[in-house]
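This report concerns only the one structure given below.
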Amino acid sequence: MLDWFTYFADWVTYSLFKLSADSKFADAVHFFIEDTAKILVLLIVLIYLIAVVRATLNPEKVRYYLQGKNRFLGYILGSIFGSVTPFCSCSSIPLFMGFVSARIPLGVTIAFLLTSPLINEVVVVMLGSLLGLKFTLLYISIGLALGITAGFLVDLIKGERWLAPFLAEQYKRDDAAPVLEYQDKVMTLAERHQFAKKEMLTIFIRIWKWVVLGVAIGAVIHGAVPAAWFGEHLGDRQWWSVPVATLLAIPMYVNATAIVPILESLLLKGVPLGTTLAFCMSAVAVSLPEFMMLKQVMSSRLLILIAAYLLVALSLLGWLFNAVNF
């Protein structure tokens with residue numbers, strides 16, 4: 001099936017547009033057409049199928065399930081739920097406040113918070129279609145590990161003392177944590193279809209522009225930027241290239257959907273895996289707009305600690321993968 005997208009891109013680029021196969025511009029156009037068509041079609045089909053399975057999953061159910069769990073199991077479950085629950089910066093504050101109000105440990109909440117933007121069904125579909133199963137599993141494992149470790153460290157330093165005062169009070173109360181309840185409605189097949197169709201359309205309308213933007217940036221990198229430039233500036237022999245790439249990614253306000261085609265282009269250009277992962281995951285995880293919104297519920301100290309953790313962890317990750325030539 002995936003060959004059809006290549007044939008389609010060949011026809012548009014070389015037959016319809018009549019571009020020369022030897023030109024860098026044609027190479028960039030071919031990359032843009034093939035990846036855009038491939039990603040958008042796969043997203044429509046697979047997001048619908050995943051939404052059918054996810055039809056009964058909702059934030060209230062997640063909060064209910066996390067209540068009272070062993071803390072270390074909570075970190076793992078928080079990260080896993082974060083990876084399968086739709087999440088973006090616009091919903092960060094109500095979700096965060098809901099978890100804290102239920103007095104779910106802050107570390108579990110942070111594990112959920114950090115994993116959600118890094119991993120979701122859209123990213124899994126795109127990574128699987130563009131870079132294969134092995135890389136997809138690697139990316140998911142790293143994202144989960146980042147969330148779990150962050151949760152453990154936040155609880156270790158008692159990070160709840162650095163929440164906004166009205167939220168920090170929740171953890172100081174002596175009465176028992178409120179028992180959350182939810183109505184677990186079993187959907188019929190028709191209701192699941194309607195839910196999945198609505199979910200697919202909602203997600204598609206929200207992310208298609210990010211797909212186009214990400215593929216466009218990836219196409220420019222793929223066709224216009226010489227491979228020698230990457231070897232000179234982001235080569236694996238320059239130790240500083242990893243932290244620099246991590247820092248340079250912060251102003252790039254892109255979500256995980258847009259970063260996948262960029263990640264693909266950097267790898268195709270020969271940028272080391274570690275440097276590529278550090279750059280792309282930093283662009284997604286250390287989002288300035290999201291951090292500005294979270295400033296309403298966290299102190300600057302806690303936000304700085306979380307950002308520093310991500311930057312250090314991603315730099316170490318980059319050095320590790322560059323060193324072992326994964």
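Restricted to the range 270-311, and to residues there that are among the aromatic types (Phe, Trp, Tyr) and over 22 Å from ILE221 (Cβ atoms), the residue that is modelled with the highest pLDDT is TYR309.
Here are some residues: LEU247, LEU234, LEU267, LEU263. Which one is at pLDDT below 90 and under 15 Å from the mean Cα position of the chain (by Cα)? So that I can check it myself, show each step before the final result.
Working: LEU247 fails: under 15 Å from the mean Cα position of the chain (by Cα); LEU234 fails: under 15 Å from the mean Cα position of the chain (by Cα); LEU267 fails: under 15 Å from the mean Cα position of the chain (by Cα).
Selected residue: LEU263, the only one of LEU247, LEU234, LEU267, LEU263 that is at pLDDT below 90 and under 15 Å from the mean Cα position of the chain (by Cα).
Give me the residue from the range 1-42 that is among the β-branched types (Val, Ile, Thr) and within 18 Å of LEU213 (Cα to Cα) and, out of that set, modelled with the lowest pLDDT. Among those that are among the β-branched types (Val, Ile, Thr) and within 18 Å of LEU213 (Cα to Cα), it is ILE39. Sub-9 Å Cβ pairs linking a first residue in the range 130-142 that is at negative phi to a second residue that is in a helix (DSSP H, G or I) and of a type in the set (Gly, Ala, Ser), at least 6 apart or interchain, are PHE135/GLY128; THR136/GLY128; ILE140/SER83, ordered by first then second residue. Within the range 180-203, residues that are more than 24 Å from GLY98 (Cα to Cα) reach partners that are modelled with pLDDT of 75 or more with beta carbons closer than 6 Å, at six or more positions or on different chains, in the pairs ARG192/VAL52; ALA196/TYR48; ALA196/VAL52; MET200/TYR48. Here GLU169 fulfils each of the conditions (1) at pLDDT 80 or above; (2) within 16 Å of the chain's Cα centre (by Cα) apart from (2). Select from the range 93-140 the residues that are assigned to a helix (DSSP H, G or I) and of a type in the set (D, E, K, R) and write down the one among them that is modelled with the highest pLDDT. Only one residue fits best here, namely LYS134. Within the option set LEU310, LEU314, LEU305, being surrounded by 24 or more Cβ atoms within 10 Å (Cβ to Cβ) and assigned to a helix (DSSP H, G or I) holds for one residue only, LEU314. Among residues of the range 302-326 that are on the phi > 0 side of the Ramachandran plot, those with a beta-carbon under 9 Å from a residue that is not in a helix (DSSP H, G or I) at least six positions away or on a different chain give the pairs ASN325/ASP236; ASN325/PRO272.
Restricting the range 141-166 to residues that are in contact with a helix residue (DSSP H, G or I) (Cβ under 8 Å, 6 or more places away or on another chain) and not in a helix (DSSP H, G or I), which is surrounded by the most Cβ atoms within 10 Å (Cβ to Cβ)? By that ranking, first place goes to LEU163.
For the range 173-223, a residue qualifies if it is modelled with pLDDT of 70 or more and of a type in the set (Gly, Ala, Ser), and the qualifying residues are ALA190, ALA196, GLY214, ALA216, GLY218, ALA219, GLY223.
The values are calculated or read from the model by the stated rules, or taken from the named source; none is laboratory data. Computed from a predicted structure; not experimentally measured. Please note: Cβ atoms are built from the backbone with ideal geometry, for glycine as well, and neighbour counts cover all protein chains shown.
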